[in-house]
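Peer 1: Take this structure first; my questions come after.
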Amino acid sequence: MLHRTASEWQRMGGWKMDVGDHAAEAGHVPVMLGRVLELAAPAIDAVPRDETPVHIDATLGMGGHAEAMLRAHPRLRLIGLDRDTTALERSARRLEPFGDRVVLEHAVYDEIPRVLRRLGVPAVHSVLFDLGVSSPQLDEADRGFAYSYDAPLDMRMDRTQGLTAADVVNEYPPAELARILREYGEERFAQRIAAAIVREREREPLETTRRLADLVRTSIPAATRRTGGNPAKRTFQALRIEVNGELETWRRALPAALDALPVGGRVVVLSYHSLEDRITKKVLAAQAADTTPPGLPVPLPEHEPRFRLLTRGAELPSAEETTTNPRAGSVRMRAAERVREAT
């Protein structure tokens with residue numbers, strides 16, 4: 001794991017920034033930014049003046065949410081995490097003006113406890129998770145996330161890891177392939193697609209996004225292909241989740257983040273598909289529930305809720321935002337505040 005200030009990331013020997021990077025940064029629009037700031041503000045503003053509020057952006061990406069938080073709260077210290085070193089390098093440039101108020105970590109978001117121990121930070125006052133694949137990852141053809149480009153089947157958010165999408169489609173047993181497509185892609189033709197992949201890889205390994213997308217398209221009944229967008233999107237989602245271990249990581253990460261919050265601390269989660277949102281809903285609901293055994297006349301203090309929900313269900317973006325920022329179209333937001341210390 002690496003931790004550096006934004007300035008130190010900029011001074012790295014491997015730093016490269018071209019015109020396309022500048023354009024991507026300038027065109028990046030953080031999702032539901034105003035609402036994120038509104039939900040986090042009470043936790044940060046409540047920190048006494050002689051203390052430094054700490055915010056974790058656990059999915060730093062292009063740094064748009066992080067920059068807005070730093071500008072809105074001049075006392076704030078920000079810890080930015082991302083598994084993607086390219087994202088860290090770009091965010092370092094954006095956040096460099098904030099100097100030592102920013103520490104950037106090459107880490108996955110379930111590593112929050114380890115990051116905080118390493119930095120000597122006992123607790124944080126707010127945490128943001130903006131889940132899923134980032135816009136730059138989708139826009140860069142060589143990353144292999146998008147079926148709209150012909151690229152190597154990669155899909156690694158952290159390109160220092162080993163497993164790629166090509167490894168999954170060419171090496172996984174048929175039954176495991178079908179399970180991944182069914183569970184992670186919610187693909188009703190998972191069995192047919194898995195069988196087609198196995199037949200094709202026996203002829204020649206599948207190594208490019210276009211070949212896989214074409215194979216998925218021909219594996220699905222023609223009537224189904226006419227509606228619902230590109231038929232490969234569910235397969236690509238499933239492979240991306242498997243390659244990056246997204247759901248298992250998220251099951252560990254959210255409880256870890258909640259444990260890092262003091263009373264009054266807040267967490268905000270932006271999810272982009274139902275599987276992530278389902279986990280978020282379940283974890284937050286359990287933390288917000290009174291677990292006093294039924295039949296007792298009064299709630300037991302040690303069983304009272306540890307968190308209160310700040311959103312009624314999952315909040316959606318405004319129609320205006322989905323029009324101007326297409327990435328916001330599928331987002332679901334949930335948030336919670338700690339109201340009781342753990343016993």
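The values are calculated or read from the model by the stated rules, or taken from the named source; none is laboratory data. Keep in mind the model is a prediction, meaning the values are calculated, not measured. In this analysis, Cβ positions are derived from the backbone assuming ideal geometry, glycine residues included, and neighbour counts consider all displayed protein chains. Each accessible area value is taken on the protein alone, full model and side chains, heavy atoms only, with ligands, DNA and RNA left out. Shrake-Rupley method; radii C 1.70, N 1.55, O 1.52, S 1.80 Å.
Peer 1: Among residues other than LEU206 whose Cβ falls under 12 Å from its Cβ, what is the net charge (Lys/Arg +1, Asp/Glu -1)?
Peer 2: Net local charge, LEU206 excluded: -2.
Peer 1: Express as a percent, rounded to the nearest 5, the fraction of DSSP beta bridges in the chain (both residues included) that run antiparallel.
Peer 2: For the chain, the DSSP antiparallel bridge percentage is about 45.
Peer 1: Let me ask something additional. Taking the 0 to 90 degree range and rounding to the nearest ten, how far is the long axis of helix 85-95 tilted relative to the main principal axis of the chain, both from C-alpha atoms?
Peer 2: Taking the Cα atoms of the chain, the angle to 85-95 is about 40 degrees.
Peer 1: Once the dipole of region 191-343 is set up with Lys and Arg at +1 and Asp and Glu at -1 on Cβ about the Cα centre, which of PRO297, LEU258, MET333 lies farthest towards its positive end?
Peer 2: MET333
Peer 1: Using only Cα atoms, find the angle between the long axis of helix 246-259 and the longest principal axis of the chain, and express it within 0 to 90 degrees, rounded to the nearest 10.
Peer 2: 0
Peer 1: Still on this model: Using only the Cα atoms, work out Rg/Rh for the chain, with Rh taken as the Kirkwood radius, to two decimals.
Peer 2: Radius of gyration relative to Kirkwood radius: 0.99.
Peer 1: Going 7 Å from the Cα of ALA285 in the Cα-to-Cβ direction, what parts of region 306-321 have a backbone nitrogen less than 13 Å from that spot?
Peer 2: 313-314
Peer 1: Assuming 0.36 nm per residue, please report the length gained on full extension of the stretch GLN161 to GLU186 beyond their Cα-Cα distance.
Peer 2: Gain on stretching GLN161 to GLU186: 6.4 nm.
Peer 1: About the Cα centre, and with charges only on the beta carbon of Lys, Arg (+1) and Asp, Glu (-1), how big is the dipole of region 217-343? Nearest 20 debye, please. Provide the component values of the computation, followed by the final result.
Peer 2: Numbers: 20 positive and 14 negative charges, 135 e Å.
Computed about the Cα centre, the dipole is about 660 debye.
Peer 1: Okay, next question. Would you look at the GNM of the chain, springs on alpha carbons closer than 10 Å, and say which of GLY61, GLY132, GLY245 moves the most?
Peer 2: Result for the chain, Cα springs under 10 Å: GLY245 fluctuates most.
Peer 1: Quick one: helix 274-287 against the long Cα principal axis of the chain, what's the angle to the nearest 10°, folded into 0 to 90?
Peer 2: 30
Peer 1: Then there is this: Ordering ASP84, ASP100 from largest to smallest accessible area (1.4 angstrom probe), what's the sequence? Before the final figure, lay out the partial values.
Peer 2: Working: ASP84 5, ASP100 125 Å².
Final ranking, largest accessible area leading: ASP100, ASP84.
Peer 1: Could you give the distance between the Cα centres of region 170-237 and region 101-120, to the whole Å?
Peer 2: 37
Peer 1: Now a separate question. So what is the 222 nm mean residue ellipticity for the chain from helices alone, if each DSSP H run of at least 4 adds -39500 (n - 2.57) and you divide by all residues, rounding to the nearest 500 deg cm²/dmol?
Peer 2: My calculation for the chain gives -13000 deg cm²/dmol from helical runs alone.
Peer 1: Suppose R0 equals 30 Å; then what is the FRET efficiency for THR292 and LEU316 from their Cβ-Cβ distance, rounded to the nearest 0.05?
Peer 2: Calculated value: 0.35.
Peer 1: Got a number for carbon plus sulfur as a percent of the chain's accessible area, 1.4 Å probe?
Peer 2: So the carbon and sulfur contribution to the accessible surface is 51 percent.
Peer 1: Which order do the peptides 119-131, 41-53 take when ranked by the mean count of other beta-carbon atoms within 10 Å per residue, highest first? Please list the in-between numbers first.
Peer 2: Numbers: 119-131: 20.2, 41-53: 13.8.
Order by mean packing, descending: 119-131, 41-53.
Peer 1: Taking 0.36 nm per residue of separation and subtracting the Cα-Cα distance, what length does fully extending THR324 through ARG278 add? Write out the running numbers ahead of the final one.
Peer 2: Details: separation 46, 0.36 × 46 = 16.56 nm, distance 2.67 nm.
Difference between extended and current length: 13.9 nm.
Peer 1: Counting only the heavy atoms of the protein chains, how much of THR311 is accessible to a 1.4 Å probe, in Å² to the nearest 10?
Peer 2: 10
Peer 1: In percent, what relative contact order does the chain have, based on Cα pairs under 8 Å that are 6 or more apart in sequence?
Peer 2: 17
Peer 1: Hey, another quick one. Which whole-number percentage describes the relative contact order of region 153-287, with Cα contacts under 8 Å and a sequence gap of 6 or more?
Peer 2: The value is 26 percent.
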